[in-house]
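The values are calculated or read from the model by the stated rules, or taken from the named source; none is laboratory data. Please read all numbers here as calculations on a predicted model, not as lab measurements. Cβ placement follows ideal geometry from the backbone for every residue including glycine, while neighbour counts extend to all protein chains displayed. Calculation scope for accessible area: heavy atoms of the full protein, side chains included, ligands and nucleic acids excluded. Shrake-Rupley method; radii C 1.70, N 1.55, O 1.52, S 1.80 Å.
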Amino acid sequence: MRANDSLQTGPAVSWLVVRGALVAVVAAGAVALCPLIGWQVAAVVLAIVAAALPQTFAAWGSVGCLVIGMLISEPDLGRAMIAVLVVQLIHVLMSLSLVIPAGSRVVIAALRPSALRLLVVQSIAQPVTVVVMVAGGAAAQGSAQTVPWAAVAGAGAVVALAVTLVVRANRRAP
């Protein structure tokens, strides 16, 4: 590279924005999903640890705190939909934190594929959440046995995913 050469990129954000967003998402999720202050504080503390030291995977502990908060309270469609969004956002931001080195800048265009994947997954997961919550509520009113059909549906989804992955893995590249 010569002295008069230059490199230009599009708009970029600091690595701190991604890690700060992780803490903000966990804090918002904790307030929305956890009825107990102790679990809210634990989730936020784990998010701060995850932002400072991503290799500890402490953000998964904050997801656990959110799950415990969900289990403590009554089932609610709105809270379930928020939980689906918050957990995926935590996963995406934690994954980005692992690959974005401290002190670096991230070109916003490089975040576009992650944002598109988030939107695709949410466009599938949110309707499924509504169906499961509504069907589960209707089944709970009719009988107390809502777990068996959910377990069968979950097992079917896992088998379908496994078959898809095995078939794709065994395909030869053209």
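Across segment 91-110, what is the number of residues that are without any contact (Cβ under 8 Å) to a residue 40 or more places away in the chain and of a type outside the set (S, T, N, Q)?
The total comes to 4.
For Leu22, indicate whether it is open to solvent by less than 70 Å² (accessible area, probe 1.4 Å) and at pLDDT below 95.
In short, no.
Residue-wise test of (1) assigned to a helix (DSSP H, G or I); (2) open to solvent by less than 40 Å² (accessible area, probe 1.4 Å); (3) closer than 22 Å to Gln55 by Cβ.
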site: Pro75; (1), (2), (3): no, no, no
site: Met81; (1), (2), (3): yes, no, no
site: Val84; (1), (2), (3): yes, no, no
site: Leu89; (1), (2), (3): yes, no, yes
site: Met94; (1), (2), (3): yes, yes, yes
site: Gly103; (1), (2), (3): no, no, yes
site: Pro113; (1), (2), (3): yes, no, no
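Take the residues in segment 141-174 that are β-branched (Val, Ile, Thr) and under 20 Å from Val128 (Cβ atoms), then tell me which one is modelled with the highest pLDDT.
If we take residues in segment 141-174 being β-branched (Val, Ile, Thr) and under 20 Å from Val128 (Cβ atoms), then Thr164 is modelled with the highest pLDDT.
Among the listed residues Gln40, Gln8, Gln88, Gln55, identify the single one that is over 28 Å from Val134 (Cα atoms) and either of a type in the set (Val, Ile, Thr) or in contact (Cβ under 8 Å) with a residue 24 or more places away in the chain (or both).
Gln55
How many residues are among the β-branched types (Val, Ile, Thr) and under 13 Å from Val84 (Cβ atoms) when one looks only at segment 100-131?
Total satisfying the criteria: 6.
Could you tell me which of the residues Leu71, Leu16, Leu46 is within 30 Å of Gly137 (Cα to Cα), open to solvent by 40 Å² or more (accessible area, probe 1.4 Å) and either not in a loop (DSSP other than H, G, I, E, B) or not small (Gly, Ala, Ser) (or both)?
Being within 30 Å of Gly137 (Cα to Cα), open to solvent by 40 Å² or more (accessible area, probe 1.4 Å) and either not in a loop (DSSP other than H, G, I, E, B) or not small (Gly, Ala, Ser) (or both) holds for just one of Leu71, Leu16, Leu46, which is Leu71.
Quick one: in segment 125-140, which of the residues that are surrounded by 12 or more Cβ atoms within 10 Å (Cβ to Cβ) and of a type in the set (Gly, Ala, Ser) is modelled with the lowest pLDDT?
For segment 125-140, the residue satisfying everything is Ala139.
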